[in-house]
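So the structure is just underneath, and the comments pick up after that.
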Amino acid sequence: MPCVLPVLSLKALSLAQGGGDPRKARAHALWYTAGVLASFAAVGGIALALRQAGLALGWGFQLQQPGVIAALALVMVAIGLSLSGVVSFGASLAGAGQSLTEKSGPAGDFFTGVLAVVVASPCTAPFMGTALAFAFTASPVVAIAVFLALGLGLALPFLLIGFVPALAARLPKPGAWMETFKHLLAFPMYLTAVWLLWVLAKQRGADAIGLALVGTVGLGLGLWLWEKARWKGVLAKAIAVAVILAALWPAVLVQRMPVPEKAAAAEAGVVAYSADSLEQLRRDGRIVFVNMTADWCVSCKANERTVLGRPAFREALERTGAVYMKGDWTDVDPAITAFLESHQAVGVPLYVVYPRDGGEPEVLPTLLTQSIVDEALAKAAD
C-alpha cells in the first residue's frame, strides 16, 4: 500500500548497502522483523487495553491523534534531510547511512520496522479485516498472537531476501550509485510529510499547520546545529539537542488544540452519518449507501476517486432512489466506532448498503468497483 512504500524504500537502500553479503542480509531482515513484530504487538496491545477500558478505538487509531501526525511529519522530514545529505544525525535512525557502526545498524533496522508499522497500519486494515475483527474479540493472548502473525506477514518479503540466497544474490553491489539513490529516496519522505500535514489540516485546521511548520523549521535548525557541533564540545551538542527537543513541542500543542467546527454542508447530496438519521431513513423505506471513511485512509480516498466520486455512482443512486450517507472517522468518533463494531469491522473503509424493505444490510468489499456498487444497489431496490 502507498503508506508503507516510503519506509520500505529505506530498507531497499539498507539491503543494497549489504551488496549481497548473506550475513548482512540476514541481520537486516531479522532486526527489521523484530521492529515490525514489537510494533504490531505494542499497537495491538494498546488498542486492546484501551477498548477494554471502555474507549472506542479501532485499527489505525494512532493517526486519529493530531500530535502523532505532527510528530510523524517531523520524523519524515528528519529522515529526508539525512538522505539528502544535509545532516547525518538521522541516518542511524533510518538504517541508511554508509558509515553506520555495527552497533547502530541493528538499531536502524529495528526503527525502520517500527516506522513501517506506525505509518502503514491504517492502510493494512482493508486487507486484514477478518483477522483484526477476530483479534479484537478474542482473548488477549490469542489477540496478540494474531497481531504477531500479521506483523510476520508484513516483514516476510525481507525475511525471504535475508534467508534465501538466490534472492539475496540478486541485490546490486555497493558503489557510487548508492549516493544518488539515497538522495532520490529523500523525496518520498518529504511527500509523506506533506501527506501527514494535509491530514493534520483536516483534523485541526490552519493553526495546527502553522505550529507544525514552526516545529519543522526548528527541527531543521537543530539538526543543522548538531551537524556543526559534531566535532565540537559537549556544550555545542547539548544546545543542538535542546533545539531538537524544543522543535517537538508544537506536536504537544497541536494535540491539545480543540476540534474545529465542521462545515454544515460540505458535500451536496451527502447526508452526514448519525444513528438516528439512518434509523429514520430505514423507517421511511429508503435505500441507504453508507460510506465510513477517513482522510488518513488511502484506500478510502482511492475508492472515492475511482468510484464514489464519479457520475456513474451518482446516476446509480438516482436510479434506485438511494441516499448517500457518509461518516468521517478522521478524528476519534465513538458513534462511528460503534457502527464499525456492529458490522465486525475494526477500521475503515466500510461500505454498507441497506435495502428498501428493511432487511439485512450488505457489507461491500473494501476495494470497490462500479459494477459491485451497481449490483448491490439493484439488489437493495428489489
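The values are calculated or read from the model by the stated rules, or taken from the named source; none is laboratory data. It should be emphasised that the depicted structure is a prediction, and the values quoted were computed from it without experimental measurement. Note that we place each Cβ from the backbone using ideal geometry, even for glycine, and neighbour counts take in every protein chain shown.
Test residue 301 against the criterion of being without any contact (Cβ under 8 Å) to a residue 24 or more places away in the chain and closer than 20 Å to residue 201 by Cβ, and give yes or no. The answer is yes for residue 301. In summary, residue 236 fulfils each of the numbered conditions (1) farther than 27 Å from residue 61 by Cα; (2) surrounded by 19 or more Cβ atoms within 10 Å (Cβ to Cβ) with the single exception of condition (2).
Here the range 273-295 is the region considered, the condition is being in contact with a Gly (Cβ under 9 Å, 6 or more places away or on another chain) and aliphatic (A, V, I, L, M), and the residue that is nearest to residue 377 (Cα to Cα) is 287.
Looking only at residues of the range 305-322 that are out of contact with any Phe, Trp or Tyr (no Cβ under 7 Å at 6 or more places or on another chain) and closer than 16 Å to residue 352 by Cβ, we find that the one that is surrounded by the most Cβ atoms within 10 Å (Cβ to Cβ) is 308. Taking the condition part of a helix (DSSP H, G or I) and either among the acidic types (Asp, Glu) or in contact (Cβ under 8 Å) with a residue 60 or more places away in the chain (or both), does residue 153 pass? No, not satisfied. Summed over the range 252-294, the residues that are of a type in the set (D, E, K, R) and either assigned to a strand (DSSP E or B) or modelled with pLDDT under 90 (or both) give a count of 3. Candidates are the residues of the range 364-375 that are more than 20 Å from residue 301 (Cβ to Cβ) and without any contact (Cβ under 8 Å) to a residue 24 or more places away in the chain; the one that is farthest from the chain's Cα centre (by Cα) is 375. Just for the range 295-304: of the residues that are surrounded by 22 or more Cβ atoms within 10 Å (Cβ to Cβ) and part of a helix (DSSP H, G or I), which one is modelled with the highest pLDDT? The selected residue is 303. Contact annotation: no residue pair with Cβ atoms under 6 Å, 6 or more positions apart or on different chains, pairs a residue in the range 21-32 that is closer than 17 Å to residue 166 by Cα with a partner that is buried (at least 18 other Cβ atoms within 10 Å of the Cβ) and of a type in the set (Lys, Arg).
If you go through the range 224-238 one residue at a time, how many are of a type outside the set (A, V, I, L, M) and closer than 15 Å to residue 86 by Cβ? The qualifying residues number 5. Among the residues of the range 188-216 satisfying the criterion of being in contact with a Leu (Cβ under 9 Å, 6 or more places away or on another chain) and free of Cβ contacts under 8 Å to residues at least 60 places away in the same chain, which is nearest to residue 85 (Cα to Cα)? Looking at residues that are in contact with a Leu (Cβ under 9 Å, 6 or more places away or on another chain) and free of Cβ contacts under 8 Å to residues at least 60 places away in the same chain, I get 213. Kindly indicate whether any position in the range 66-76 is under 15 Å from the mean Cα position of the chain (by Cα), modelled with pLDDT under 75, buried (at least 22 other Cβ atoms within 10 Å of the Cβ) and assigned by TED's automatic domain parsing to the domain that holds residue 191. Within the range 66-76 (the criterion being under 15 Å from the mean Cα position of the chain (by Cα), modelled with pLDDT under 75, buried (at least 22 other Cβ atoms within 10 Å of the Cβ) and assigned by TED's automatic domain parsing to the domain that holds residue 191), the answer is no, since none of the residues qualifies.
The single condition among (1) more than 14 Å from the chain's Cα centre (by Cα); (2) at pLDDT below 70 that residue 121 does not meet is (1). For the range 323-360, a tally of residues being closer than 14 Å to residue 288 by Cβ and either crowded, with 21+ Cβ neighbours inside 10 Å or touching a residue at least 40 places away in the same chain (Cβ under 8 Å) (or both) returns 15.
Which members of the range 195-243 meet the condition of being assigned to a helix (DSSP H, G or I) and of a type in the set (Phe, Trp, Tyr)? Within the range 195-243, 195, 198, 224, 226 meet the criteria.
Based on what the data block shows, is residue 320 in the same structural domain as residue 344 (by TED's automatic domain parsing), without any contact (Cβ under 8 Å) to a residue 60 or more places away in the chain and of a type in the set (S, T, N, Q)? No: the conditions fail for residue 320. Restricting the first member to the range 217-235 and to residues that are assigned by TED's automatic domain parsing to the domain that holds residue 79, and the second to residues that are of a type outside the set (A, V, I, L, M, F, W, C), the beta-carbon pairs closer than 6 Å and six or more apart or on different chains are 229/237.
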